[in-house]
1. For chain B, list the DSSP H helices whose alpha carbon atoms reach 20 Å or more along the long axis and whose average Kyte-Doolittle value is 1.0 or above?
2. Taking Cα pairs under 8 Å and at least six residues apart, what relative contact order does segment B:44-279 come out at, in percent?
3. Straight-line reach from A:LYS48: which lysines have Cα under 18 Å away, leaving out those fewer than 8 places along the same chain?
4. Just report the Cα centroid separation between segment B:187-224 and segment A:227-292, whole Å.
5. Partner chain Cβ atoms within 10 Å, averaged over the residues of B:245-258 - can you pull that number for me?
6. Once the Cβ-Cβ distance between A:ILE290 and B:SER141 is put in as r, and R0 is 30 Å, what FRET efficiency do you end up with, to the nearest 0.05?
7. Hey, with R₀ at 30 Å, roughly what FRET efficiency would B:GLU132 and A:SER421 work out to, going by the Cβ-Cβ distance, to 0.05?
8. Averaged across the residues of A:96-106, what count of C-beta atoms belonging to other chains lies within 10 Å of each residue's C-beta?
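Values in this text are rule-based calculations from the coordinates and carry no lab data. These figures come from a predicted structure and were not determined experimentally. With ideal geometry, Cβ positions are generated from the backbone for all residues, glycine too; neighbour counts draw on all protein chains shown.
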Amino acid sequence: MTTRSWRSGLALLAVTTLTLTACGLDSGESDDTAEPAESAAAEEITGKITFSTLQLKPTFTEYIDGVIDDFEAEYPGTEVEWIDIPFQGAQEKIATDASAGTLPDVINLNPNFAQPLESEGLFVDLDTAVPELREDYVAGAWDAFQVPSQEGSFGFPWYLTSEVTMYNTDEFEAAGLDPETPPATFDELYASATTISESSDGEVYGMHPALENRFMLDLAKEGVPVLADDGTTWTFNTPEAVEHVEKLAELYQDGVFPPDSLTEDHAKETEAYQAGQVALFPSGPNFLTIIEENAPEIAEATGVGPQITGASDAANMSVMGLMVPTSSENQATALKFAEFMTNAENQLAFSKIVTIFPSVKDALADPYFTDDSDGTVESKARRVSAEQLDGAQNLLPVQYDDRVKAIVVGKVQLAMTGDLSAQEALDQAVEEANAVSGN
Amino acid sequence: MFLAPALIIAVLFHLWPFINTLVLSFTDARALGGGSFVGLENYGRLLEDPNFWLATRNTVLYMVVVVPLLVVLPLLLAVLVQPKLPAIGFFRSVYYSPVVASMVVVGLIWTWLLASDGMVNQLLQALRIVQEPLPFLTDASLLLFCCMLVTVWKGLGYYMVVYLAALGNVSKDCHEAAQVDGAGPVRRFWSVTVPGVRPTMFLVGLLGAIAAMKVFAEVFVMSYGTAGPGGQARTLVYTIREVGLGLGGEVGYASAMSLALFVLTIGFSVGYLRAQKAETP
């Protein structure tokens with residue numbers, strides 16, 4: 001090869017490298033030995049800790065700052081530095097911090113984000129560290145931070161939500177349905193949605209499937225054993241699940257779901273409900289506030305019913321938690337702060353700012369969650385949702401991460417378009433999900 | 001000494017990540033843990049991974065469709081806006097404006113336009129070209145085609161500016177001589193303009209091809225992160241992201257995929273440059 005060719009080759013290599021290095025990924029190696037810090041044993045509540053949350057700034061800055069100030073006043077000598085991470089990209093930041101051994105002293109995660117870190121033994125086991133606190137919290141919320149086939153529970157449950165069934169009473173009336181009787185089961189939900197679609201002659205769709213948000217949860221509600229008992233093998237290709245997918249495909253092909261809903265997410269479902277394009281909207285009661293802000297007329301017409309349940313009769317709740325990494329050098333203060341942030345008084349105050357629910361039983365018993373005598377849809381939604389929490393569980397398996405979700409939702413989409421049969425779709429989804437999960 | 005800042009940046013932010021990716025591709029590194037040497041296992045896995053091959057097919061198809069359009073259309077646009085006419089600056093700015101818009105914003109706008117109840121479908125139905133809305137966003141092939149159109153639409157202005165600079169160097173004497181010989185505008189375009197900007201056309205083709213191989217945002221935004229039903233409109237970068245990111249990310253395997261993309265790109269680039277060399281008298 002001539003010198004000129006070598007030069008050309010090197011120049012080309014350099015150019016292509018520059019354009020492709022964006023695809024390279026940093027090392028995933030972890031040198032975090034997850035050793036409990038020596039200070040764990042120390043009982044003294046003092047010193048500086050860092051506290052990270054998921055997308056709470058700027059809406060709740062005043063509230064969080066207030067709680068931090070109260071904590072620092074109650075425990076002189078402590079200092080809390082608050083960091084807020086946007087939800088988008090949070091997993092990557094957390095993974096990087098975990099690999100580098102620089103996780104914050106108190107970290108706000110949901111069970112699905114927390115599970116891979118819990119499996120690596122990166123968080124303090126609260127069943128061992130603060131066993132006396134377990135009884136204070138809603139049982140299902142405390143259990144949400146357990147890892148299948150692993151001892152312990154790793155997160156202080158923080159705020160909760162439990163889905164209710166919101167529906168457009170005007171569309172119910174127009175379709176000849178009773179606006180005072182919302183659907184309570186999947187069969188009733190799909191029947192109502194079909195009636196509305198048919199009677200509106202394509203003007204309004206019954207509902208939106210929001211597969212990425214709801215599919216696996218609905219299977220769990222239908223009593224499908226989505227995971228084997230050992231928590232390692234996906235098993236959701238049962239006859240009941242096949243029936244469920246066949247029903248979704250039928251509804252999609254019959255035009256009960258909007259045509260573009262196949263690939264759309266929960267945000268688009270919310271938009272569609274606000275725009276009056278869909279009549280049923282099973283979602284968290286916190287979305288009522290958003291609907292009121294964006295579409296007051298739709299909010300005015302919105303009725304609220306209990307969460308749709310299936311064969312298992314179980315209600316789901318979504319949980320946010322606070323974890324204390326074993327790598328924290330100030331575990332005593334971190335544990336005390338997490339307990340303080342999630343105590344009844346602070347959670348009750350938080351719940352009055354936004355429609356969320358406290359995970360502490362004492363706070364949940366407050367009349368704010370039980371009294372809907374003012375007749376507003378918000379207070380009814382609050383009461384209905386709070387009543388469900390007592391027996392609710394986090395039904396979504398913590399192993400249902402983004403990759404497994406992409407596989408499952410992708411196969412269900414193909415079943416809905418008729419490219420695969422429901423059985424083929426679920427069989428392929430189980431096989432691929434198990435391969436990705438390392439089974 | 002003067003080279004040092006650029007050299008340090010290049011080594012730290014380009015060369016080192018590239019070497020790191022190369023090393024990781026031979027390991028079982030995950031977002032959390034792993035990192036043991038596994039030899040060629042990741043590359044063996046690539047050969048049997050249907051998603052990788054689907055992504056490769058889509059990426060190559062993307063390049064094959066987008067590159068000719070990005071070579072030809074901006075040239076025509078540049079010829080159109082080259083004359084110094086009143087208000088021509090306005091048109092140049094309008095054609096260039098998509099370049100400065102965020103790809104996410106552009107993707108969202110096109111998603112609204114191409115939705116089943118969007119403007120494009122309404123227009124097609126109003127003109128009675130179709131009876132039912134076309135599934136631009138929920139049919140994998142149509143989705144991929146729409147993403148290609150968005151890439152071309154967004155890139156037109158950028159390459160138009162490149163061609164405008166090249167057109168400025170085409171000899172006016174040649175144009176005048178051709179005109180004297182009786183050549184019309186089309187003949188002059190083929191016989192004078194195109195030969196005059198041929199090196200630029202090769203450059204645009206190479207840059208367009210590399211950009212097409214890295215396509216991600218269009219597919220991600222217009223499919224709400226799903227790459228269409230069943231992920232069937234996936235591209236290589238989309239798949240690398242899916243495999244490598246998140247707390248369960250397989251960093252080693254994603255790195256092997258990145259290297260495969262690198263080899264594909266450099267292989268194409270070498271072939272392309274050789275073709276250019278053969279063309280150059």
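1. Working: long enough: B:50-81 (45 Å, 1.89); B:140-167 (38 Å, 1.76); B:194-213 (28 Å, 1.54); B:251-279 (41 Å, 0.91).
Span-like helices here: B:50-81, B:140-167, B:194-213.
2. Working: 247 pairs, mean separation 68.7, N = 236.
Across segment B:44-279, relative contact order equals 29 percent.
3. Filter leaves A:LYS336.
4. So the two Cα centres are separated by 41 Å.
5. Numbers: counts 7, 9, 17, 13, 9, 5, 8, 3, 0, 4, 6, 0, 2, 6.
Per residue, the average neighbour count from other chains is 6.
6. Details: r = 35 Å, r/R0 = 1.18.
So the FRET efficiency works out to roughly 0.25.
7. Details: r = 24 Å, r/R0 = 0.80.
Between B:GLU132 and A:SER421 the formula returns 0.80.
8. Values: counts 1, 0, 4, 7, 0, 0, 0, 0, 0, 0, 0.
Counting other chains' Cβ atoms within 10 Å and averaging over A:96-106 gives 1.
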